[in-house]
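Chemist: Sending over a structure as structure tokens; questions will come in a sec.
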Amino acid sequence: MGDHHHGPAKGLSRWLFTTNHKDIGTMYLWFSFAMFILGGAFAMIIRAELFQPGMQLVEPGFFNQMTTLHGLVMVFGAIMPSFVGLANWMIPMMIGAPDMALPRMNNWSFWILPPGFLMLASTLFMEGGAPAFGWTFYAPLSTTYAAPSVTFFIFAIHILGVSSIMGSINIIATVMNMRAPGMTYMKMPLFVWTWLITAFLLVAVMPVLAGAVTMMLMDIHFGTSFFSAAGGGDPVLFQHIFWFFGHPEVYIIILPAFGVVSQIIPAFSRKPLFGYASMVYATAAIAFLSFIVWAHHMYTVGMPVAGELFFMYATMLIAVPTGVKVFNWISTMWRGALSFETPMLFCIGFLVLFTIGGFTGLMLSIAPADFQYHDTYFVVAHFHYVMVAGAVFSMTAAVYYWLPKWSGRMYNENMGKIHFWVSFIGFNITFFPQHFVGLAGMPRRIPDYALQFADFNMMSSIGAFIYGASQILFLYNVIATIVSGKRVTDDRVWDGAEGLEWTVATPAPYHTFEVPPAIDPTPAHG
Amino acid sequence: MSFGNIIRALAGPVLAFASAAVFGQGNQVNMAKGVTEVGAEIYDLHMLILWICVVIGVGVFSVMFYSIIYHRKSRGHEPAQFHESTKVEIAWTVVPFLILIGMAVPATSTLLEAYNTDDAEIDILVTGYQWKWKYEYLDENGENVSFFSNLSTPQSEIYNSQTKGENYLLEVDEPVVIPVDTKVRFLLTANDVIHSWWVPEIAVKKDAIPGFINEAWTKVPEQGIYRGQCTELCGAYHGFMPVEVHAVSREEYDAWLAAKRADKVAQAAAASQALSLDELMAKGEAVYNAQCMACHGMNGEGGVGKAIAGSPVALGDIGRHLDVGIKGVAGTAMQAFGGQMSDVDMAAVITYQRNAFGNNTGDIVQPSDVVNHKKG
Ligand code: HEM
Ligand SMILES: [Cu+2]
Ligand SMILES: [Cu+2]
């Protein structure tokens, strides 16, 4: 084993050919941040156009391209790869493994992403413009009526799907085979648990998405009529297939976030997670339920009333395990010794805002009420509360929490706190009023709106610019830390932090746990 | 925009919200209560769940903030090490479950009511087109009345060269008219992509899907104008296909329907009359602005569609031009307008395209030319 103790290769080849989980994790994280900025830029264009009623900056067709690309880039480019990056960095270090189980595949799953997104972004410069049918790409708008660039979109989705599937297979293989001796399943940190379950969800539904886009491809180029009523096909079938992927997808986005929060809240409460086992079971319950609720996105397509009732009841049930999670986090904080460093602030922000998003989710699950909410800004507010304040806030918390371990340097705490408060306030100014305009009747995905929505839209746009600007602060803080942050000497970094990742040196050496660590045989969490 | 304006822009909504929250006016912040029975039920359901969420939220957040304030390390609070309690965990699983059952009961009854389309007195077939609605009143004797309903807000308001009117983007050239106190059933479908027909105050939202016929119903108790919009992304001008419903007394409705029928007869007669160039141009301009401008531009400069100014079609053979107008161009956004407007309107708009925007052909296309062209 002696000659395996080498450092990284030099220059570009280090990154191109690396099979090291830390390098690959780093690349995923930077890539996803770049996508976050790109998707954010699209959002700024959207909000600038919506600043006032009337068409000012862009044409309606281009506006639709922006909403579509914003959604696709944020979901598939920013949020999903960021959590894969985090998994790459942390899972081996959390379970005492030297690396991921399939390191060469790991390199591939990252390196096909940039070309995939390049292909997607290149559609902006094609004849007829980029995809303009929304991130949900309902047929026949995305087939018969789409611009020619849709074919490139289909291939881009295929590539991202392949990358996700490879990434999840790798995570499953790693968690199942690479745990240090004594690291039983019920001793794994919750972040590992939530990712294991997420990986199974991904393997189950990404092929369904691939099926959907392949059927589109056939309809567009090979004369089939899967989704074309004129040829005997069924446009609603598309929605069933899409949401059979799409609803689990939203849990693919949020479960790793739950995992992150379940690591950080105990650390800054200096108290173990209240109910470890029930958190694991709640995660599994949510994952199971996520397969049988998809048609709550389709309450207005005219399903038979029995179907409508089934999907309503099943969706309402999701509130139970989700509630268990929230109650658990709060009981963990209860009578702890709390301190409020930036990662904890983002987790508390998550807790408050995600809970609000959960409440609006519950409201949306009530089918007859959804007749009024569906496809309005109320839905836009709901999913930004769960996806931005949920997934993005928790990801931000994760970066602040583990950055000292990754880089060996401490970020600027004051700047981190400012970042939190500006984000928190900016986020709420942006998205809280969207509940109001949605309820008052403003449809989503429109480039121009009636005058009674003007005030709240202007407010929303101002909030969006504030939230957007605060991310520059984040980028600056991270770069400044890596370049010249104060060196951290303590391996544990945070006095309340638990877990194997804190037992290795700071900064984490290129190779960790080449010799499996000894695991305390007493039950870790219970 | 100056700094002062931005401050005012920020302060305006904040104040508006504060006043709306306190006095319930100003900017609408809540769901429309609706005028129909189902609408009122949905509103009550919405408020019930909202309040349940608010109460639970206040409880949960109070515990959390209590902890944040009193259980701080900086106050020297020592961490307890308790965890896991089967009793508590069962409680917070079972209690929410029971609350959910409490919500599901009224939700189910409202849903069943919304789905009960039986015994409607009037059937209206609503068809979504890119980007307008077609309404067809189905008649037992086959004397259907049908017309298209287009956005009537002028482009000059949308592009900010003219002050925006009160019903900006929520107004149409021909509203759909229904009688009050009558159960009206809407049969919804679409001609191209999926659209969704929504009028918040009468609590109807249903997707209009090509190849499917969906059903929805309403029974409006109060006369009035109810406005809504398409709520399913349907392409570039999705934001520009509003719905306007006029609920009128039974007598007014009958008179309106009779007038529409008479209109149909008159139009057929008009098709045999010859019109002057001026008449055709005036009518043609109106039709163009309502039906063609979205794609062909205010000055015929093109957009989604090709430019009309200097177009080889508009300057070339009349038969070919009629062909494009009547049958459309397959596989493009250029629809077959032949079935969507009267022969008089078609003659007028073709004449207009051949003489406006510098296309000074001097050609006149008469309604009879359209009739003959359709016959082939
Ligand atoms: C308590 C849990 C939740 C419930 C009951 C719930 C329920 C719903 C319902 C019924 C809709 C459809 C609304 C409509 O289109 O009319 C919806 C939309 C949505 N939800 Fe949730 N949700 C929950 C949590 C989440 C989470 C955790 C995420 C993601 C992190 C999420 C992301 C979304 C997204 C992206 C949409 C909109 C999709 C689109 O049409 O573009 N939701 N939710
Ligand atoms: Cu869903
Ligand atoms: Cu639409």
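Chemist: Please give the per residue volume of the convex hull enclosing the alpha carbon atoms of the range A:266-394, rounded to a whole number of Å³.
Modeler: For the range A:266-394, the hull spanned by Cα atoms encloses 95 Å³ per residue.
Chemist: Just how many % of Cα pairs in the range A:130-237 lie over 16 Å apart, if you round to the nearest whole percent?
Modeler: I get 64 percent for the Cα pairs in the range A:130-237 exceeding 16 Å.
Chemist: Would you work out which of A:290, A:378, A:481 lies farthest towards the positive end of the dipole of the range A:18-502? Charges go on Cβ: Lys and Arg +1, Asp and Glu -1.
Modeler: Most positive-ward Cα: A:481.
Chemist: Output the DSSP H helices from chain A with an along-axis C-alpha extent of no less than 30 Å and a mean Kyte-Doolittle hydropathy no less than 0.5.
Modeler: The answer, listed by residue number, is A:21-49, A:150-177, A:190-221, A:235-269, A:305-333, A:342-365, A:413-440, A:454-484.
Chemist: On the Cα set of the range B:227-346, report Rg and Dmax in Å, please.
Modeler: Expressed in Å, the Cα Rg and Dmax of the range B:227-346 come to 17.2, 51.
Chemist: Hey, which of these cross-link pairs are over 23 Å Cα-Cα: B:33/B:206; A:417/B:73; A:187/A:486?
Modeler: Numbers: B:33/B:206 18 Å; A:417/B:73 18 Å; A:187/A:486 33 Å.
Where the Cα-Cα span goes over 23 Å, the pairs concerned are A:187/A:486.
Chemist: What figure in square angstrom, to the nearest 10, would you give for the accessible area of residue B:254 with a 1.4 Å probe?
Modeler: About 70 Å², ignoring ligands and nucleic acids.
Chemist: Give me the Kirkwood hydrodynamic radius of the range B:284-345, using the inverse of the mean 1/r over all pairs of distinct Cα atoms, in Å to one decimal.
Modeler: Its Kirkwood hydrodynamic radius stands at 11.9 Å.
Chemist: Note the buried accessible area between B and A here, summed over both chains, with a 1.4 Å probe, in Å² to the nearest 100.
Modeler: 8400 Å²
Chemist: Now for a different question. Based on alpha-carbon atoms only, what is the radius of gyration of the range B:122-269 relative to the globular estimate 2.2 N^0.38 Å?
Modeler: Ratio of Rg to 2.2 N^0.38 Å for the range B:122-269: 1.04.
Chemist: Need one word for the range A:327-387: rounded, prolate or oblate. Basis is the Cα gyration tensor (sqrt eigenvalues a ≥ b ≥ c); a/c below 1.5 gives rounded, then a/b vs b/c decides.
Modeler: Numbers: a/c = 6.19, a/b = 2.36, b/c = 2.62.
Here the range A:327-387 falls in the oblate category.
Chemist: Take every Cα-Cα pair in the range A:18-502 and report what % of them are more than 36 Å apart. Provide the component values of the computation, followed by the final result.
Modeler: On the way: 30951 of 117370 pairs.
Result: 26 percent of Cα pairs exceed 36 Å.
Chemist: What per residue convex hull volume, in Å³, do the alpha-carbon atoms of the range B:150-231 yield?
Modeler: 103 Å³
Chemist: So how far apart, in nm, are the two label points at residue A:184 and residue B:66 if each is 7 Å from Cα heading toward Cβ?
Modeler: 3.6 nm
Chemist: What is the Cα convex hull volume of chain B when expressed per residue in Å³?
Modeler: 227 Å³
Chemist: Which residue, chosen from B:187, B:223, B:101, occupies the Cα position most advanced towards the positive end of the dipole of chain B, where the dipole is computed from +1 (Lys, Arg) and -1 (Asp, Glu) charges on Cβ about the Cα centre?
Modeler: Selected residue: B:101.
Chemist: Positive end of the charge dipole of the range A:325-462 (Lys, Arg +1 and Asp, Glu -1 on Cβ, about the Cα centre): tell me which of A:369, A:442, A:338 has its Cα farthest that way.
Modeler: A:338
Chemist: Roughly to the nearest percent, how much of the accessible area of the range A:264-371 is carbon and sulfur, given a 1.4 Å probe? Display every interim value, and only then the final one.
Modeler: On the way: 1900 of 2300 Å².
Answer for the range A:264-371 is 83 percent, counting heavy atoms of protein chains only.
Chemist: Return the FRET efficiency for the residue pair residue A:514, residue A:214: r is the Cβ-Cβ distance, R0 is 45 Å, and the value is rounded to the nearest 0.05.
Modeler: Efficiency computed from Cβ-Cβ geometry: 0.55.
Chemist: Percent of alpha carbon pairs in the protein assembly as shown separated by more than 57 Å?
Modeler: Every Cα pair in the protein assembly as shown considered, those over 57 Å come to 15 percent.
Chemist: What does the accessible area per residue of the protein assembly as shown come to in Å², with a 1.4 Å probe and no ligands, DNA or RNA counted?
Modeler: The answer is 38 Å² per residue.
The values are calculated or read from the model by the stated rules, or taken from the named source; none is laboratory data. If you're wondering where the values come from, they're calculated on a predicted model, not measured in any experiment. Heads up, the Cβs are rebuilt from the backbone with ideal geometry, glycines too, and the neighbour counts pull from every protein chain shown. The protein model used for the area step is the full one, side chains on, heavy atoms only, and it has no ligands, DNA or RNA in it. Shrake-Rupley method; radii C 1.70, N 1.55, O 1.52, S 1.80 Å.
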